[in-house]
Each structure stands twice: as structure tokens, then as C-alpha cells.
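The next block holds one structure in the form of C-alpha cells; read it before the comments.
The values are calculated or read from the model by the stated rules, or taken from the named source; none is laboratory data. The model shown is predicted, which means the values in this text are computed figures rather than measured ones. Ideal geometry is used to build each Cβ from the backbone, glycine not excepted, and the neighbour counts take in all protein chains shown. What goes into the accessible areas is simple: the full protein's heavy atoms, side chains included, and nothing from ligands, DNA or RNA. Shrake-Rupley method; radii C 1.70, N 1.55, O 1.52, S 1.80 Å.
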Amino acid sequence: MFAILAEDISDAEVLTHLVRRRLDDESISIKRKGYDGCAKLRRKGALDIRAFAQRGATRIIVCHDADQNDPIELRKTILEEVVRPSQFAHLVCVAIPVEEIEAWIIADESAINKIIPSFRFKGHSNPESINSPKEWLRDKSRAANGKPLYAPKVFNPSVAKHLQFDVVEKKCPSFKSFLAWLDNP
């Protein structure tokens, strides 16, 4: 069984779709926990990992957006503050999307256009270079009436079902690292 801990439940849902698709198994048991922010994830994550382990989790994914922090240093921090205190004895992936998980979403414009056809998103060649990709994508999606067509919590999990892994891998090294862990735990 997998357990996914993420800053937000929609991020956990995105990762759930990615894991099931990559492992080609929709029946994989995946427990999810969203924290409404990184502070709660850091504060409560270790306890929740222990609880998931008691319920049979053997693979844990902790997802924390880089948010303008050095991903390598942030990974070390998450290992020290969340993973090690949990004393989890199985496989752990600390996924650090650069800058936010929305960079992975932005990487595949065809997936976005499939889910929000009225958007007509043209894409971005280096989504990990965008500061605040969530806000950037929301701004790009503004319709003629000024309202954004894109809402992350609504659309991210649906877009994740259509992401082309090879396309996202080429544009997002952090996504490539995540897939490498899934492929070779």
C-alpha cells in the first residue's frame, strides 16, 4: 500500500493518478493526506506516516513544493523533520516539484487543453523557471470577462490523468526524479 502526504489534497490526488498510471495498476491501494500548507505537513507528517505504516503502508511519498527554495536542501529538511522522526522502515520518496506541482501540469499543454478546451493554452518550454506556476497559469487562463478558466484544485487531478510522462520529463527534471523513484524503488 502507498501513502501520499502533500501540502494540499489536490496535490495528493495528482500524485495518486501519476502513480497508478506509471505502475499501470488502477487498483493500487493509495491513502492520501493533504495538509493545507507546508507548515502542517512538516508538523504532523511524521505522526501520519506512523499511522499509515500501522495500517500497512510500505511505500510513502512526501510531496513538498520547492517554492523558491533549493530543492536539495528542502529534501534534506523534509527527511530530517518528517521522514526520520516517523521511523518508517520502508520505501520513501521525497518529491520536490520545482517551483510547485503546477509546473508539472504546465509542462504538457495538450493535457490542459484536453481538460479545459476553451483555454487554448500554448505551453511553456521551461515550467520550472516560472515563479508561482499556479498563479501564472491562473493568470494565463483569464477569459474575456477577466475570470480565470483554470482552478488548480478542480483541474489538476483531471489534467494528471492525461499528462504525457515523456513530455513532462523533458521539461521538468524534478518530475523525472519522481518517475525514477517509481520505476526503481
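Take region 10-45 and flag every residue that is of a type in the set (S, T, N, Q) and either under 13 Å from the mean Cα position of the chain (by Cα) or open to solvent by less than 50 Å² (accessible area, probe 1.4 Å) (or both). Ser10, Thr16, listed by residue number.
Residues of region 46-78 that are closer than 20 Å to Phe175 by Cβ, without any contact (Cβ under 8 Å) to a residue 60 or more places away in the chain, of a type outside the set (Lys, Arg) and open to solvent by 50 Å² or more (accessible area, probe 1.4 Å): Asp67, Asn69, Asp70, Ile72, Glu73. When residues in region 79-133 are screened for being open to solvent by less than 10 Å² (accessible area, probe 1.4 Å), assigned to a helix (DSSP H, G or I) and charged (D, E, K, R), 1 of them pass.
Between Ala151, Ala144, which is over 15 Å from the mean Cα position of the chain (by Cα), open to solvent by 70 Å² or more (accessible area, probe 1.4 Å) and aliphatic (A, V, I, L, M)? Before the answer, list the steps.
Details: Ala151 fails: open to solvent by 70 Å² or more (accessible area, probe 1.4 Å).
One residue alone meets the criteria, Ala144.
From the list Ile49, Ile61, the one residue that fits, being under 13 Å from the mean Cα position of the chain (by Cα) and either assigned to a helix (DSSP H, G or I) or among the aliphatic types (A, V, I, L, M) (or both), is Ile61.
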